[in-house]
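The values are calculated or read from the model by the stated rules, or taken from the named source; none is laboratory data. Since the model is a prediction, treat every value here as computed from it, not as a measurement. Here the Cβ positions follow ideal geometry from the backbone for every residue, glycine too, while neighbour counts run over all protein chains shown. To get the accessible areas, we keep the full protein, side chains included, count just its heavy atoms, and leave off ligands, DNA and RNA. Shrake-Rupley method; radii C 1.70, N 1.55, O 1.52, S 1.80 Å.
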Amino acid sequence: MWLLSAVCSAFFAGITAILAKCGIRRTDSDVATALRTVIVLLFAWLMVFVVGSGAQIAAIPPRSLLFLILSGLATGASWLCYFRALSLGDVNQVAPIDKSSTILTVLIAIVCFAETDGLAFKLIGTAVLAAGILLMTERKPFAGQAAKNARWLPYAVGSAVFAALTSILAKIGIEHVESNLGTAIRTVVVLVLAWAVVFAKGKQGQVKHIDAREAVFIVLSGIATGASWLCYYYAIQNG
């Protein structure tokens, strides 16, 4: 089941990137991220009540809660970087670099969790994956306007780094926590961080001016993200 959940997570994450790109053509990326997080939060807590794990909140060990909060902060930072990168660059440029977080996660897991079974094959597969990501990344001449638009690159790299930290911190945080509940708690942290950034930059007034069509895509991307998260953290807890 963890394998099926991981595949579903990848599918919904791919949809998220496309829907989000459609939702931030004119909408500020920080505002879009904050609005999407509201949808993900509703989705996550709905699943908590469906599976009936809400009563377990009081029994969460302090160490698990700490790592869930840290994971949520890393997720929020990754999202803010990712959607800023998407607003500046093309999906075919940003998405492959963002997904290089998989490489970082595997390498960190080998060191931190001693996941060394079949180590040679893991390292070979990771190298092949890195080569594939490099080949997938769309290249454009870095001259004139294209060079100016290369501002997306640092944000895409930041997204990948924070996403890798998210996985590692979450693995520790959900060892003794039901995966849906862990996802919901993390989403609260992401919500607080996302809206704190919006208010810190004075962008809250832009919410009421969002184009209706883009708002629909932002909501749909939030639903896709929620589905991806639920599948992913079920997979990472059991795999």
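Miscellaneous remarks
- Residue selected from segment 162-202 under the condition of a type in the set (D, E, K, R) and either surrounded by 15 or more Cβ atoms within 10 Å (Cβ to Cβ) or touching a strand residue (DSSP E or B) at 6+ places or on another chain (Cβ under 6 Å) (or both), by the criterion nearest to Ile15 (Cα to Cα): Arg186
- Residue in segment 148-158 that is within 20 Å of the chain's Cα centre (by Cα) and closer than 30 Å to Val51 by Cβ present: no
- Exclusive hit being in contact with an Asp or Glu (Cβ under 6 Å, 6 or more places away or on another chain), assigned to a helix (DSSP H, G or I) and at negative phi, set Val207, Val192, Val197: Val197
- Filtered residues of segment 94-124 (kept if part of a helix (DSSP H, G or I) and open to solvent by less than 40 Å² (accessible area, probe 1.4 Å)): Val94, Ala95, Pro96, Ile97, Asp98, Ser101, Ile103, Thr105, Ala109, Ile110
- Within segment 74-95, the set of residues being under 23 Å from Ala130 (Cβ atoms) and aromatic (Phe, Trp, Tyr) comprises Tyr82 only.
- Residue match in segment 24-38 (condition: assigned to a helix (DSSP H, G or I) and closer than 20 Å to Gly173 by Cβ): yes
Every residue, every condition in (1) among the aromatic types (Phe, Trp, Tyr); (2) modelled with pLDDT under 90; (3) under 15 Å from Ser159 (Cβ atoms); (4) open to solvent by less than 40 Å² (accessible area, probe 1.4 Å), yes or no:
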site: Ala17; (1), (2), (3), (4): no, yes, yes, yes
site: Thr33; (1), (2), (3), (4): no, no, yes, yes
site: Val38; (1), (2), (3), (4): no, no, no, no
site: Leu65; (1), (2), (3), (4): no, no, no, no
site: Ile69; (1), (2), (3), (4): no, no, no, no
site: Leu73; (1), (2), (3), (4): no, no, yes, no
site: Gly76; (1), (2), (3), (4): no, no, yes, yes
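- Pairs, first under 20 Å from Asp30 (Cα atoms) in segment 218-239, second among the aromatic types (Phe, Trp, Tyr), C-beta under 8 Å, six or more apart: Gly222/Phe43; Ile223/Phe43; Ala224/Phe12; Thr225/Phe12; Gly226/Phe43
- Under the condition of being modelled with pLDDT of 90 or more and either touching a Leu at 6+ places or on another chain (Cβ under 9 Å) or among the aliphatic types (A, V, I, L, M) (or both), the residues counted in segment 147-161 number 7.
- Close pairs (6 angstrom Cβ cut-off, 6 or more residues apart or separate chains): free of Cβ contacts under 8 Å to residues at least 60 places away in the same chain in segment 154-176, hydroxyl-bearing (Ser, Thr, Tyr) anywhere: none
- For segment 208-228, the set of residues classified as in contact with a helix residue (DSSP H, G or I) (Cβ under 6 Å, 6 or more places away or on another chain) and open to solvent by less than 50 Å² (accessible area, probe 1.4 Å) consists of Glu214, Phe217, Ile218, Ser221, Gly222, Ala224, Thr225, Gly226, Ala227, Ser228, listed by residue number.
- From the list Phe67, Phe49, Phe83, Phe43, the one residue that fits, being without any contact (Cβ under 8 Å) to a residue 60 or more places away in the chain and out of contact with any strand residue (DSSP E or B) (no Cβ under 7 Å at 6 or more places or on another chain), is Phe49.
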